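Taking it in order: structure first as structure tokens, then the write-up.
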Amino acid sequence: MIDAIAQRLGFIRVAVVRDQLQFARNISKRLDEHREVVEQIQSQTNLFTECPWHVSHMATQDDYLMRIYRMVHGAWPDHSDEVHRQHWYGEFIRQRPQLLGGCGLPEYRPQDNVSNSDAPAS
């Protein structure tokens with residue numbers, strides 16, 4: 001009953017959102033395949049040279065997939081603890097292609113991508 005009332009008010013359970021974001025295998029696979037496509041376009045075609053604006057389109061798509069990944073897993077895909085989790089579960093997400101530059105999301109802070117156990121001792 002509470003779920004029905006919450007839904008009528010426009011609320012949805014976080015677990016439902018996370019499950020829906022895992023569409024078409026999972027977000028790890030989607031992000032990895034996107035990066036693979038970027039690498040293949042770069043190495044097998046001259047699209048990015050002839051139409052350089054597509055690089056920014058692919059970078060924005062990568063940012064978007066990173067945001068979804070964080071919504072689902074609670075960490076960025078390149079966070080050291082998250083990379084360990086991916087390895088443990090047999091997942092693989094290749095590194096963001098250099099061509100795309102750094103992540104442009106305002107909430108992304110690369111300095112936060114090191115776990116406390118990886119941080120240098122003070």
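What to note about this one:
- The condition of being β-branched (Val, Ile, Thr), under 13 Å from the mean Cα position of the chain (by Cα) and either under 30 Å from residue 1 (Cα atoms) or modelled with pLDDT of 95 or more (or both) holds for only one of 68, 93, that being 68.
- Of all residues in segment 51-97, those satisfying the criterion of being hydroxyl-bearing (Ser, Thr, Tyr) and within 23 Å of residue 13 (Cβ to Cβ) are 64, 69.
- Only residues that are over 14 Å from residue 97 (Cα atoms) and either crowded, with 17+ Cβ neighbours inside 10 Å or touching a residue at least 60 places away in the same chain (Cβ under 8 Å) (or both) were counted across segment 32-45, and they come to 0.
- Pick from segment 46-103, criterion touching a residue at least 60 places away in the same chain (Cβ under 8 Å) and of a type outside the set (D, E, K, R), ranking: surrounded by the most Cβ atoms within 10 Å (Cβ to Cβ): 93
The values are calculated or read from the model by the stated rules, or taken from the named source; none is laboratory data. Just so it is clear, the model here is predicted, and its values are computed rather than measured. Every residue, glycine among them, receives a Cβ derived from its backbone with ideal geometry; neighbour counts consider all protein chains shown.
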